[in-house]
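Before any comments, here is the structure.
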Amino acid sequence: MPVEILMPELGESVHSGTVSRWLKKVGEFVKEDEPVVEIMTDKVNTELPSPASGILVKINIPEGDEVEVFHAMGVIEPDEAAAKAAIADGGSPAAAAPTPAAPAAEAKPAPDTKPGKEVPLPFSGRRFFTPLVKTMAKDHGVSLDELAALSGTGEGGRVTKKDLQGYLSNRGQAPAATSAPRPASGADSTTAPLTGLRKMIADAMVRNSQVPVVSTLIEVDVTNMVSYRARNKDAFLEQHGVKLTYTPFFIKTLAEVLLQFPMLNSSLTDNMVTTHHKVHMGVAVSLGKDGSGGLIVPVIRDCDSKSIVEIARDLDEIAVKARASQLGVPDIQGGTFTLTNPGSYGAVLGTPMINAPQAGIAGVYGIQEKVQVVNGMIGIRSMMNAVLTYDHRLVDGMTAGRFLQAVKAKLEAFDFLK
């Protein structure tokens with residue numbers, strides 16, 4: 001029996017991806033679990049394994065096209081004879097296996113089903129629309145009644161992205177992404193369409209911007225942390241084989257405080273609140289050797305029960321993978337809260353954007369020496385801004401303030417290592 005290659009769910013809030021490259025051609029043999037197609041989303045670039053051993057008989061989604069979660073991108077036929085028949089029939093695996101003929105009384109005129117042509121199907125009963133289609137409809141002012149009246153080419157008559165784009169074109173409100181602007185250049189500028197990873201990041205940012213958020217700032221005296229690292233960084237590297245940065249301290253502090261404020265370690269999806277009892281910290285890191293490949297958010301799991309050394313090793317591992325663009329699906333799934341550290345490249349203040357559906361994200365910024373008054377004495381202290389952006393549907397200002405105060409107290413006391 002033929003086996004479909006389905007687009008997996010590659011992370012929370014990821015509804016679609018782009019087929020960046022097919023690693024096998026139609027007619028080629030592929031082993032089970034051998035990489036067969038490369039997928040790109042705003043969160044990860046990854047190679048997907050074949051679900052079975054056999055011959056790739058059909059590619060449904062060509063390179064460069066978008067595919068929604070759980071849709072078939074291609075078909076593997078384990079049986080060689082059936083595969084040859086399917087390829088000869090234009091890539092239709094159903095042609096390789098005989099099917100019972102329908103009774104004559106049931107016969108109906110067959111629709112035009114030439115290869116590559118999608119046939120609109122009628123739909124009866126309750127309509128289901130993917131999050132991607134619903135978001136597109138909302139962005140272009142298409143009501144649910146209009147959406148429900150469309151004929152879909154998807155399975156069971158489901159309305160696909162292409163169906164909605166076609167409707168919008170005829171309606172005179174075609175989305176900019178479908179107008180295929182041509183690259184243009186002049187004496188002072190060059191214009192080209194937003195594509196690839198940057199486009200997927202842009203789409204994710206638009207989705208995240210729909211969440212009602214608030215950002216709250218607090219200033220933290222991190223003199224004790226800075227002094228500890230200065231005294232121990234060389235010995236730490238020699239003993240454990242990884243560099244000691246400030247980030248493991250931030251992760252450990254946040255993980256312990258999040259257990260005290262469970263609503264900030266939760267997520268909201270379809271009006272259902274999920275509270276997480278372990279802290280799986282998403283950490284924003286740069287892709288590529290020079291960081292020009294964009295940002296990605298791999299996850300360090302069970303941070304609440306790990307030591308500083310274990311977290312430092314995990315950080316080093318994901319950084320190496322990110323620089324080599326080798327992060328896989330398991331590396332970016334399951335985050336419950338996110339940390340971003342713009343201070344590592346000199347930023348002193350900002351308002352990080354939430355990684356929906358998570359309830360919060362913390363940003364830590366550049367450490368600066370400042371003149372401070374401590375216990376009536378003037379001195380030079382290492383000061384840092386910390387910002388919490390949170391989903392205001394789940395977290396109110398008082399909870400956010402108390403959370404930041406707890407983070408501040410723990411970092412300033414620097415006793416969580418004891």
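The values are calculated or read from the model by the stated rules, or taken from the named source; none is laboratory data. Since we're looking at a predicted model, the values are computed, not measured. Every residue, glycine as well, gets a Cβ built from its backbone with ideal geometry; the counts of neighbours run over all protein chains shown.
Below, the figures for the structure above:
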quantity: Options VAL348, VAL320, VAL309: the member that is of a type in the set (Val, Ile, Thr), without any contact (Cβ under 8 Å) to a residue 12 or more places away in the chain and over 18 Å from ASN265 (Cβ atoms); calculated: VAL320
quantity: Qualifying position, being closer than 30 Å to GLY328 by Cα, at pLDDT 65 or above and either assigned to a helix (DSSP H, G or I) or in contact with an Asp or Glu (Cβ under 9 Å, 6 or more places away or on another chain) (or both), among LYS84, LYS134, LYS138; calculated: LYS134
quantity: Filter pass, LYS289 being farther than 27 Å from GLN239 by Cβ and either in a loop (DSSP other than H, G, I, E, B) or in contact (Cβ under 8 Å) with a residue 12 or more places away in the chain (or both); calculated: yes
quantity: Output for the stretch 59-78, where each listed residue is without any contact (Cβ under 8 Å) to a residue 40 or more places away in the chain and not in a strand (DSSP E or B); calculated: ASN60
quantity: Test: residue in the stretch 367-387 that is in contact with a helix residue (DSSP H, G or I) (Cβ under 6 Å, 6 or more places away or on another chain) and under 26 Å from MET263 (Cα atoms); calculated: no
quantity: Single residue of the stretch 382-409 satisfying the filter (touching a residue at least 40 places away in the same chain (Cβ under 8 Å) and either part of a loop (DSSP other than H, G, I, E, B) or not assigned by TED's automatic domain parsing to the domain that holds THR340 (or both)) that is surrounded by the most Cβ atoms within 10 Å (Cβ to Cβ); calculated: VAL395
quantity: Filtered residue count, the stretch 277-297, keeping only those that are modelled with pLDDT under 90 and either aliphatic (A, V, I, L, M) or farther than 15 Å from SER344 by Cβ (or both); calculated: 11
